[in-house]
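The values are calculated or read from the model by the stated rules, or taken from the named source; none is laboratory data. In this text the structure is predicted, and so the values were computed from the model without any measurement. FYI the Cβ positions are ideal-geometry reconstructions off the backbone, even for glycines, and counts take in every protein chain you see. Side chains are part of the model used for accessible areas, which takes the heavy atoms of the whole protein and leaves out ligands, DNA and RNA. Shrake-Rupley method; radii C 1.70, N 1.55, O 1.52, S 1.80 Å.
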Amino acid sequence: MTPAQGLWEQLADELEAADEAVSRSTMMGLPCLRVDGAFFASFDKRQEALIVKLAATNVAARVAEGRGQSFAPAGKVFKEWLALDGVDPDEWRAALHDALLFVRGD
């Protein structure tokens, strides 16, 4: 298991333990997390990147700041999805928190 995969597993376990509405699933063949049935995060094994769902304006701002990249599998940009590469536990944890709040509508 790579460091990125290990961090994904650790953070997914933490979220599942902290919130019974959070569950694991798959999205486009990738491991993902859902809250109340809605996708909010995924892990891209090929790029070793955390993928999170955020408001399109938040994604654009983070990309402009160099804090992530647009998620664009097969060249199609998903405006509400941000890819975070690198293994930064604090950044990943914060992004997952933001994604969870966004999908919940908080």
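Please find, among R46, R24, the residue that is open to solvent by 60 Å² or more (accessible area, probe 1.4 Å), farther than 16 Å from L96 by Cα and basic (K, R).
R46
Kindly provide the set of residues from segment 1-21 that are open to solvent by less than 30 Å² (accessible area, probe 1.4 Å) and among the small types (G, A, S), ordered by number.
Scanning segment 1-21 gives A4, G6, A12, A21.
Limited to segment 90-105, what total is found for residues that are open to solvent by 60 Å² or more (accessible area, probe 1.4 Å) and either in contact with a helix residue (DSSP H, G or I) (Cβ under 8 Å, 6 or more places away or on another chain) or of a type in the set (D, E, K, R) (or both)?
4
All but one of (1) within 18 Å of F40 (Cβ to Cβ); (2) in contact (Cβ under 8 Å) with a residue 40 or more places away in the chain hold for K79; state the number of the condition that does not hold.
All conditions are met except number (2).
Is it the case that A74 is surrounded by fewer than 19 Cβ atoms within 10 Å (Cβ to Cβ) and modelled with pLDDT under 90?
yes
One residue is enough: does segment 63-71 have a residue meeting the conditions in contact with a helix residue (DSSP H, G or I) (Cβ under 9 Å, 6 or more places away or on another chain), of a type outside the set (D, E) and at pLDDT 95 or above?
Scanning segment 63-71, I find no residue that is in contact with a helix residue (DSSP H, G or I) (Cβ under 9 Å, 6 or more places away or on another chain), of a type outside the set (D, E) and at pLDDT 95 or above, so the answer is no.
I'd like the residue in segment 43-62 that is polar (S, T, N, Q) and closer than 26 Å to Q10 by Cβ and, out of all such residues, is modelled with the highest pLDDT.
N58
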